[in-house]
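These notes are about the structure you will find just below.
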Amino acid sequence: MTGGYLSNAGVYLVDFVVGLYMLVVLLRLWFQLVRADFHNPVSQTIVMLTNPPLLWLRKLIPGLWGIDWAAVVLLFGLGLAKQYLVYAMLGVVPRLVGALLLTTADILELIGYTLMVTIFVRIILSWISPQTYNPIVHLLRGITEPFLAPARRLLPAMGGLDLSPVLVVLGLGVALRLVVQPLFDYGRAFSGFG
């Protein structure tokens, strides 16, 4: 039974550590796409944490169409490494197609939950100090506004109450269940696990 507990703890550690770094790389990519202010402390920390592998990868993979493809490759590379490490601890070697599907599902799930948490944090901060300038609030606005603005057009404010976050979170929840969960299921099936 010790091997089961040990591998379970190992899976948790790999999932947490690699998943956390994937989140940092995702945020850097997201900040670049929304043209966030890279002079604030949060952006500077993310740049500092992601520069070592990205500077090396950019020598091999150029940016194109305003997308940092080195960051995309790093994100997928980390996701694949995570899948293979987790499966190795479980005593299974996944097939490449299954690992790619699981990595895609993992990244989409990370994007969905990150956006949900960001929306909730933005709402709470708007209640606490709505008129105060804070670099974190500015970043949160930059990340969420591309999703909230179209939702506001579909569901305008009613009585001064902006319900667009509810619409976006609802849509994300449905997408996680209808798109991401099937990808996880297919990935596990193609990997020969589950």
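Does residue 105 satisfy the criteria of being aliphatic (A, V, I, L, M), touching a Gly at 6+ places or on another chain (Cβ under 7 Å), touching a residue at least 40 places away in the same chain (Cβ under 8 Å) and more than 29 Å from residue 133 (Cα to Cα)? Yes. Out of 137, 168, 117, I need the residue that is surrounded by 16 or more Cβ atoms within 10 Å (Cβ to Cβ), free of Cβ contacts under 8 Å to residues at least 40 places away in the same chain, among the aliphatic types (A, V, I, L, M) and part of a helix (DSSP H, G or I). Which one? Criteria check complete, one pass: 137.
Whether any residue in the range 105-127 is more than 22 Å from residue 27 (Cα to Cα) and modelled with pLDDT under 85 is what I want to check. Explain how you work it out, then say what you get.
First, pick out the residues of the range 105-127 that are more than 22 Å from residue 27 (Cα to Cα): 127.
Okay, now just the ones that are also modelled with pLDDT under 85, so 127.
Taking every residue of the range 105-127 in turn, at least one turns out to be more than 22 Å from residue 27 (Cα to Cα) and modelled with pLDDT under 85.
Out of 19, 4, I need the residue that is of a type in the set (Gly, Ala, Ser), surrounded by 12 or more Cβ atoms within 10 Å (Cβ to Cβ) and part of a helix (DSSP H, G or I). Which one?
On the way: 4 fails: surrounded by 12 or more Cβ atoms within 10 Å (Cβ to Cβ).
Going through 19, 4 in turn, just one is of a type in the set (Gly, Ala, Ser), surrounded by 12 or more Cβ atoms within 10 Å (Cβ to Cβ) and part of a helix (DSSP H, G or I): 19.
Scoring residue 54 on the criteria (1) surrounded by 15 or more Cβ atoms within 10 Å (Cβ to Cβ); (2) in contact (Cβ under 8 Å) with a residue 60 or more places away in the chain leaves a single failure, condition (2).
The values are calculated or read from the model by the stated rules, or taken from the named source; none is laboratory data. Not measured: the values here are computed from a predicted model. All Cβ positions, glycine included, derive from the backbone under ideal geometry; neighbour counts span all protein chains shown.
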